[in-house]
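The values are calculated or read from the model by the stated rules, or taken from the named source; none is laboratory data. Being a predicted model, the structure only gives us computed values, none of them experimental. Every residue, glycine among them, receives a Cβ derived from its backbone with ideal geometry; neighbour counts consider all protein chains shown. Heads up: the accessible areas ignore ligands, DNA and RNA and are worked out on the full protein's heavy atoms, side chains in. Shrake-Rupley method; radii C 1.70, N 1.55, O 1.52, S 1.80 Å.
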2 protein chains.
Amino acid sequence: MRRHYATIKDIARALNISVSTVSRALRDTYDVNAETRQMVLDKAAELNYRPNFNATGLVKNSSHNVAVLLPAITNYYFSTVFTGIQEVAYRHGYNLILHVTNDDAERELNIIRSLSFSSLDGMLVSVSSQADACDHFQEIIDDGVPVVFFDRVAEHVGTSKVMQDDYNGAFEATEHLIAKGYRRIAHLAGPQGLTFTANRLQGYLDALRKHKLPVQESWIIHSGFGQESGYQDFQQLWELPEKPDAIFAVNDRKAVGAMLAMKEMKIIPGKEVGVIGFTNDPVSAIISPSLSTIAEPAYEIGRVSCQLLLNHIRKKNFVAEEVVLPGKLIERESTQRNR
Amino acid sequence: MRRHYATIKDIARALNISVSTVSRALRDTYDVNAETRQMVLDKAAELNYRPNFNATGLVKNSSHNVAVLLPAITNYYFSTVFTGIQEVAYRHGYNLILHVTNDDAERELNIIRSLSFSSLDGMLVSVSSQADACDHFQEIIDDGVPVVFFDRVAEHVGTSKVMQDDYNGAFEATEHLIAKGYRRIAHLAGPQGLTFTANRLQGYLDALRKHKLPVQESWIIHSGFGQESGYQDFQQLWELPEKPDAIFAVNDRKAVGAMLAMKEMKIIPGKEVGVIGFTNDPVSAIISPSLSTIAEPAYEIGRVSCQLLLNHIRKKNFVAEEVVLPGKLIERESTQRNR
DNA sequence: AATTTCACCGGTAACGTTACCGAAAACGTC
DNA sequence: GACGTTTTCGGTAACGTTACCGGTGAAATT
């Protein structure tokens, strides 16, 4: 049976002083004698007192809770971002309520509808990939709830956003393939409608254009983010009359999927078909041949997002910021022609 | 600026009825006319009413929050367990507050100290690996807070526990190596002091004993759970005068680390030295040669743990249960002598 | 000595919600 | 038509905490 936790009243009664004095003593040394304060602190420790966040939240109209909305947690990128978020939240005494949407727009909506914003100080969100409609987020923001988007941002929603430099990363990845001698470069893109899918595609296109290479519509395939998508996409590419000689994948998992398909077809990645990914997922170093990629600053994105949100929560007239963090090319075996 | 959310009082005022009636209408059709109820529901929707969980939590002495304590989230096993937990919690309307300990006992303690159990309905925890002292957990349980341990359990704490069948999994893994013709089998173990490290070690030892194979003390290395640990451990093994011809690693990441070390030394996994892991991390299928392993029911462990906790929260006189879920041998290339 | 100042403390109301009890109205029964 | 029963509602207190204001006594000032 659940025992009764010691409250501020219990301390007051035990010490024969008033609850207001105890309350003051417990959080700040304002209007309270040093001795009294020490007395209260000692008694609180003795009774194993824990503040009731429901009560403080009620009167101060703020819990110390922040909701985090993620498409998934079982992948390197999001779990690393979360770890970064967590680091900052932990240091500032905030709790993180994690909701996973499974990349399902309906579930995302359900979760948002069930949130109690009266017991939430803010939100960190990476939207699900099929969410075309983002009105629900705008509503929340209009209600004055601090929200920070990261990675997958809702473009037309007016609030802070943190992301990696998708355009330049994609540009650099594509240019790297070109520098290595590949000429017929395909792109395994993400789902349509996401800002960062579009940005990476644009970086790819502009790099091709700069080097006067042809853009083949059939070499650009939009599909999901999973490994299987990359696997299928490569098979589709290989049925084309005109086959590419290199692949830039929107993320490492799709690149890995493509490499597995190549392995089955006895095609050697790098030597015959160059492959580069995006993320720097640990598997990219483990797979053989190892996968060249653009490293994303996942941990940093988490840290910065959370820091921004906390500023937003604390400052009264906070103006939304957009932060873009650079990626970094990591050259490995999958883009080396001669090994 | 944060706007004021509609409360139950606003609804009452707008409809010119009492708050108690609104309260009753809002949650259950008890003692309230159907028309009145519909009126309230409509008005609530119109005003975009959201219940204040701080208030309900205060009066009912229970939020709908469950704390989840994990050593890390950036790995396949824990993130999958969390996904399972999340599935059940979502269906029952519970929020998950995720705390990551980074496998640091001090941080674990800090987190626990800062928890407000008055606004927590229960806890799901996998203890950090260096936590020898688990008194703090016992205190919490004595205070009547429902707690369920999973995977890394605190042995002497009296509460529900959910884990995979470490002993039999390890036994099966070792026996598989033996069946494949390996005879000098080493074990890359986890840190001392953890129940499941001990169980896997025992399974390994008993399998050797059953088949009358020698137990070499120097072939059993205790270290961390990371890939680097596996890498270093293998190097240490290979400096031994008497080298093993197979390795059973306590998890896939250490097995992968060992395989990477082998790769550098031009040793071919499987052919020369058999390797088997534990977990069925997705990398085990991606790495080449692919890694044989014991698949852990991670998702199931999460589901069952959460379900058990919810039962614990709801039933008044709940008796602690221990659930052990079986693993499954997955045979891949790293244990095939002739390929 | 009278007054002002200051440090410290207590009482009350409030935050949004639910539990509990009593009251009023509507209904049925004889 | 008097009575009991049922349905439906309202008022009050409480959950644990903080904000606000007012009061007490001692010290400092004149």
**Study point:** Among B:Thr36, B:Gln192, B:Gly203 - extreme Cα towards positive end, dipole of the protein assembly as shown, charges at beta-carbon
**Key:** B:Thr36
Point to revise | Cut-off under 5 Å, modelled amide H: who pairs with B:Val275 long-range | key: B:Ile247, B:Gly270, B:Thr335
Check your understanding: What is the gain in length, in nm to one decimal, between A:Glu331 and A:Asp28 on full extension, counting 0.36 nm per residue of separation less the C-alpha to C-alpha distance?
Key -> 103.6 nm
Study note, to complete from the structure: Per-residue average of other protein chain Cβ atoms inside 10 Å, peptide B:279-288 -> 4
Review point. What accessible area, summed over both chains, is buried at the B-A interface (1.4 Å probe, Å², nearest 100)?
Key: 5200 Å²
Review point. Among bridges DSSP assigns within the protein assembly as shown, what percent are antiparallel (round to 5)?
Key: 10 percent
**Study point:** Accessible area (Å², per residue) of the range A:8-51, counting only protein heavy atoms and a probe of 1.4 Å
**Key:** 66 Å²
Study note, to complete from the structure: Per-residue ellipticity at 222 nm attributable to helices in the protein assembly as shown (runs of n ≥ 4 DSSP H, -39500 (n - 2.57) apiece, nearest 500 deg cm²/dmol) works out to -13500 deg cm²/dmol
Practice item. State, to one decimal in nm, how far the label point of B:Glu35 lies from the label point of B:Val59, with both points 7 Å from Cα in the Cβ direction. Key: 2.6 nm
Practice item. Would you calculate the separation in nanometres between label points at A:Glu322 and A:Gln235, each defined as 7 Å from the Cα along the Cα-to-beta-carbon direction? Key: 3.9 nm
Practice item. Express the carbon and sulfur contribution to the solvent-accessible surface of the range B:120-162 as a percent, rounded to the nearest whole number, probe 1.4 angstrom. Key: 43 percent
Review point. According to the square roots a ≥ b ≥ c of the eigenvalues of the Cα gyration tensor, what is the shape class of the protein assembly as shown, taking rounded for a/c under 1.5, prolate for a/b larger than b/c otherwise, and oblate for the remainder?
Key: oblate
**Study point:** Exposure ranking of B:His187, B:His4 by accessible area [1.4 Å probe, largest first]
**Key:** B:His4, B:His187
Point to revise | Whole-number accessible area per residue in Å² for the range A:152-229, which is evaluated in the context of all protein chains at 1.4 Å | key: 40 Å²
Check your understanding: Highest GNM mean-square fluctuation, chain A, Cα pairs closer than 10 Å: which of A:Ala249, A:Ala67, A:Ala34?
Key -> A:Ala34
Review point. Given the range A:244-339, what percent of its DSSP beta bridges are antiparallel, to the nearest 5?
Key: 35 percent
Check your understanding: Ignoring any ligand, DNA or RNA, what whole percent of the accessible area of the range A:269-323 comes from carbon and sulfur when the probe is 1.4 angstrom?
Key -> 51 percent
Check your understanding: Under 20 Å from the Cα of B:Lys43, which lysines turn up, not counting those fewer than eight places away in the same chain?
Key -> B:Lys9
Review point. Given H placed on each backbone N at 1.01 Å, which residues far from B:Ser290 in sequence or on other chains put an amide H within less than 5 Å of it?
Key: B:Glu333, B:Ser334
**Study point:** DSSP-defined antiparallel bridges as percent of all bridges, chain A, nearest 5
**Key:** 10 percent
Practice item. Report the residue, chosen from A:Ile268, A:Ile294, A:Ile17, that carries the largest GNM mean-square fluctuation when chain A is represented by alpha-carbon nodes joined by springs under 10 Å. Key: A:Ile17
Review point. What's the center-to-center distance, using Cα atoms, between the range B:28-71 and the range B:164-223 in Å?
Key: 53 Å
Check your understanding: Which residue, chosen from A:Ile85, A:Asn102, A:Ile178, occupies the Cα position most advanced towards the positive end of the dipole of the range A:71-190, where the dipole is computed from +1 (Lys, Arg) and -1 (Asp, Glu) charges on Cβ about the Cα centre?
Key -> A:Ile178
Practice item. Using Cα positions and a limit of under 30 Å, work out the lysines in reach of A:Lys212, with same-chain residues fewer than 8 apart set aside. Key: A:Lys180, A:Lys243, A:Lys254, A:Lys271, A:Lys328
Check your understanding: Once the piece of chain linking A:Ala45 and A:Arg314 is laid out straight, how much longer is it, given 0.36 nm per residue of separation minus the C-alpha distance between them?
Key -> 93.9 nm
Check your understanding: List the lysines whose alpha-carbon lies under 18 Å from that of A:Lys316, not counting same-chain residues fewer than 8 positions away?
Key -> A:Lys60
Point to revise | Amide H contacts under 5 Å for A:Lys328, placed H, 5+ residues apart | key: A:Ala295
**Study point:** Top of B:Ile85, B:Ile287, B:Ile276 by mean-square fluctuation, Gaussian network on chain B, Cα under 10 Å
**Key:** B:Ile287
